[in-house]
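Read the structure below first, then the notes.
The values are calculated or read from the model by the stated rules, or taken from the named source; none is laboratory data. Keep in mind the model is a prediction, meaning the values are calculated, not measured. So basically every Cβ, Gly included, is an ideal-geometry build from the backbone, and we count neighbours across all protein chains shown. All accessible areas refer to the heavy atoms of the entire protein, side chains included, with ligands and DNA or RNA removed. Shrake-Rupley method; radii C 1.70, N 1.55, O 1.52, S 1.80 Å.
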Amino acid sequence: MSQSAIFKGVVVPYLLLAPQLLVTAIFFFWPAAQAIWQSLLREDAFGLNSEFVWFENFIEVVTDPTWLDAAFRTLFFSAAVAALALGSALFLAVQADRNIRGATTYKTLLVWPYAVAPAVAAVLWLFMFHPNIGIFGRALNAMGIAWDYKLNGGQAMGLVILASAWKQVSYNFIFFLAGLQSIPKSVLEAAAIDGASPRYRFWTIIFPLLSPTAFFLLVVNLTYAFFETFGVIHSLTQGGPGKATETLIYRAYTDGVMNLNLGTSAAQSVILMLLVVALTFVQFRFIERRVHY
Amino acid sequence: MATLSLRGITKRFGTTQVLHGIDLEVADGEMIVIVGASGCGKSTLLRIVSGLESASEGQVLIGGRDVTALEPAERDIAMVFQNYALYPHMSVFQNMAYGLKIRRLPKPEIERRVAEAAKLLDIGHLLDRKPRQLSGGQRQRVAMGRAIVREPHLFLFDEPLSNLDAKLRVTMRAEIRRLQRRLGVTSLFVTHDQVEAMTLGDRLMVMHQGRAAQVASPMEVWAKPADTYVASFIGSPSMNLLPGIMAADGVVALDGGIQLTLPAPIAGATGRSVTLGIRPEHLAPAPDGIAMQVELLEPLGSETVVHGRMADGTALTAKLLGHVPESGELMLRPDPAWLHVFDRETGQRISA
C-alpha cells in the first residue's frame, strides 16, 4: 500500500525541499552561472576592469596546442584509469564471489580505499613511491632502476594512474560483486553441464550478464578520472614534471588560480561542464536500454 | 543410452550427514523418480549424479564407466532445473545450441538437431525469442529442448514442474513421460509430489532422512510400503496408522480394543507391538465394522473423504463412495486383504 502525504497549499512542500534546493543553488548553480559569465569576459592583469568578449576565450582555449595536448593526455589518462580500475575490480569480484575462507573480511578490506580522500590516498602513494623516502621508490632505485617520478614524465603518469585507479577499485568492486551475485547459480551450473569450461562460462555467460553493470561503471569511472582525480594529481605531481600529468581539470586550475587568467580558465571549466553533462546524459539515456534480459 | 549405478553414496556437509549410503541400479532407458519430503537429500543425490556436488564416499557409474571423479561436462548428462536456468541473454536457438557449439559440432548439424528438438516440443516458432518473452510452460519446453539436443546418456530432472501452475503441470507431466519413452533415455526425476512420482516413474525411490526407504514400482510402493514413512507418504489421504499388539499370529488387537484378523498369519509374531496400516480407500461401510464418529467431510465429487474418531478417540480417515451423512456414527469395515502390519519400534513392514 502506498501512502501519499497530502499537504494543503504549497508552502510546506517547498519548505521541506528548501534545504536541498538551497545547497544545490549555492554550491552548484551559482558557481556554474558565474563560470559561464566569467568565460565570456576578459579581465586586465590587475583585475581593474573587464570587457565582454563573447566566445573569444573559448576560441583561444581550443586553438591552443598545449590545451589540445592536455585534452589527449586526459583521454589517455582516463582510459587507463578506467581500464585498470574496472579490470582489477572485476578480477577481485570474481574471486570474492567464490566460496572462500574469510570472504567477509576480504570484502570489507576491499571497500576501505573508497573511504579515503583523494589527497590522502595520494599521500599514501607518495610515501610508498617517493624516490628518497618511499619504500618501493628506494627499492626500485636499489635494484638499479632509475625511479624518480619527479623527473620522469612517464613514471609520473604511471603513478597518478595507479593511485587514481586504486581509489576507484572499491566502488567498482561493490557493483561487480552485486552483479555477480544476481546471476542465478543454476544458470552457471547449466552451462557447466553443457560442457563449458570456467573460462568459457565467464566470457559467454557471466560477462554478457554483467555488461549493463560494466557500462554503468565505465561512465562513472570516466567521470571520476576526468574530474575527481584533481586531488591525487595535485598532491603527487602538481601536473609535472613539465606538463606530463597535466589533465584538463588540472590545467583549468593552473590557468585560473595560479596564473590568474580567469577568462580562459572559466572557458575551460565550461567545456568540462558540457562534457560531464554529456556523460551523464549517456548514462541515463542508454543504461536502461543496454539491459538486454 | 546407458545404465546408471550408484554404489554406497554418502554425503556430509561438515558434521551433518545428509546421505547415508545410497545404492541404486537403473536399467537402460528406465525412468526412476526420487521422491521425498524437502530436506530428505533427494536433490543432493541428483547433484552428486550430475557432478555439481561430490560424494563423500561411494561411486557413480554411468554406462559402466566410473564417473565419480569427472566434471559434469565429461559425464555426458543433461539436466533440467527447477527454475529452468535458461541463459537470459541468449535466444531460444542459442540456448539450445550452446552445448553443441562447445562440442564443436558442425553448424548444419547443430541447426538440424535444434530444429528437430524444437519440432518435437512444438517451440519452432519461438527460436528467435529471448527467455523473458516466454511463458513458464514455454521456458520449460526450451529447458527440455536444451537437454534433448545434446543426446545425452542420462537425463536429470530437478523438480522441473514445481514452478508451473496446476493445470500446466499435468500436461507437462504427461509430455515428459511421452518424450522420455520415445527417446528411451535413462532418467532420474526428483520431486516432492507423490502424484508426479506415481505417474512418471517406472520405479520410485522413496527417500527419508538421507536413506532410500524403498525402491520399487509405483504400484508396489503403494500396495506394499516398506515402512510406516513410505506408507504415510504415498497415497492420498494418508494411510491410517493405528497402534496395536499381535494377540495371536494372525490377529491384531488395536489399543482401542478392536480385534482384526489378518488374511494370513505371521509366524511367531504373537505379543509383538505393531502399527496397523489401513488405507482410507480400504474402509467400507458394513454393519459389523468399527464405529467411527464423523467430524468432517471433504467431498471430492466421485468420492468423499471422511475424518472422524473411533470409540477410544483415535483419529481415522476413510474415503467412501456415494452419499455420507454429515454427522453421526458410521460403521466401517477394513478390507482384510489390504491390512499392513509394521513393527512399532522400527516402523518396518512385517507382513508379507
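A few points about this structure:
- Normalising the average separation of contacting C-alpha pairs (under 8 angstrom, six or more residues apart) by the number of residues puts the relative contact order of region B:147-278 at 15 percent.
- Three-way shape call for region B:19-86 based on the alpha-carbon gyration tensor, with the a/c threshold at 1.5: rounded
- Cα gyration tensor shape of region A:64-290, rounded if a/c is under 1.5, else prolate or oblate by comparing a/b with b/c: oblate
- Estimated translational D of region A:207-293 in µm²/s (Stokes, Kirkwood radius over Cα pairs; 37 °C; 0.692 mPa s): 225
- Net charge dipole, region B:182-264: roughly 220 debye, given to the nearest 20, about the Cα centre with Cβ charges of +1 for Lys and Arg and -1 for Asp and Glu.
- Per-residue mean of foreign Cβ neighbours for B:92-103 is 3 (Cβ atoms of other chains, 10 Å radius).
- Inter-chain neighbour count for A:198-207: the average number of beta-carbon atoms from partner chains within 10 Å of each residue's beta-carbon is 2.
- Considered as an equivalent ellipsoid built on the Cα gyration tensor, region A:1-150 has semi-axes of 41, 36, 16 Å, the largest given first.
- Buried accessible area, chains A and B (both chains, 1.4 Å probe, Å² to nearest 100): 1800
- In sequence order, calculated HN-Hα J values of region B:50-67 (Karplus, 6.51, -1.76, 1.60; Hz; x Gly/Pro): 6, x, 6, 10, 10, 6, 6, 9, x, 10, 10, 10, 10, x, x, 9, 6, 10
- In region A:87-163, the alpha-carbon atoms span a convex hull of 124 Å³ per residue.
- Overall, the protein assembly as shown carries a charge dipole of about 1080 debye about its Cα centre when +1 sits on the Cβ of Lys and Arg and -1 on the Cβ of Asp and Glu, all other atoms neutral.
- Exposure rank, largest accessible area first [A:110, A:124, B:121; 1.4 Å]: A:124, A:110, B:121
- Computed helical MRE - 222 nm, the protein assembly as shown, DSSP H runs ≥ 4 contributing -39500 (n - 2.57), nearest 500: -14000 deg cm²/dmol
- Using a probe of 1.4 angstrom and keeping all protein chains present, the accessible surface of the protein assembly as shown works out to 50 square angstrom per residue.
- Note: relative contact order over chain B, using C-alpha pairs below 8 Å and six or more positions apart, is 16 percent.
- Taking a quarter of the surface of the Cα convex hull of region A:27-67 gives a mean projected area of 3.8 nm².
- Cα-based Lys proximity count in chain A, under 29 Å, for pairs eight or more positions apart or on separate chains: 5
- Ranked by solvent-accessible area (1.4 Å probe, protein heavy atoms only, all chains present), the residues B:186, A:213 order from largest to smallest as A:213, B:186.
- Its Kirkwood hydrodynamic radius, worked out from the mean inverse distance over all distinct Cα pairs, puts chain B at 22.7 Å.
- Qualifying trypsin sites (Lys or Arg not before Pro) for region B:141-188 [loop in DSSP, other Cβ within 10 Å: at most 10]: none
- D (Stokes-Einstein, µm²/s), Kirkwood Cα radius, the protein assembly as shown, 0.692 mPa s at 37 °C: 104
- Residue B:22 long-range amide H proximity, modeled H, under 5 Å: B:8, B:9, B:10
- For region A:122-220, the C-alpha radius of gyration sits at 1.60 times the compact-globule guess of 2.2 N^0.38 Å, with N the residue count.
- Given +1 at the Cβ of Lys and Arg, -1 at the Cβ of Asp and Glu and no other charges, the dipole of chain A around its Cα centre is 1200 debye to the nearest 20.
- Accessible-area composition of the protein assembly as shown, carbon plus sulfur, in percent [1.4 Å probe]: 61
- Considering only alpha-carbon pairs that sit under 8 angstrom and 6 or more positions apart, the relative contact order computed for chain A is 26 percent.
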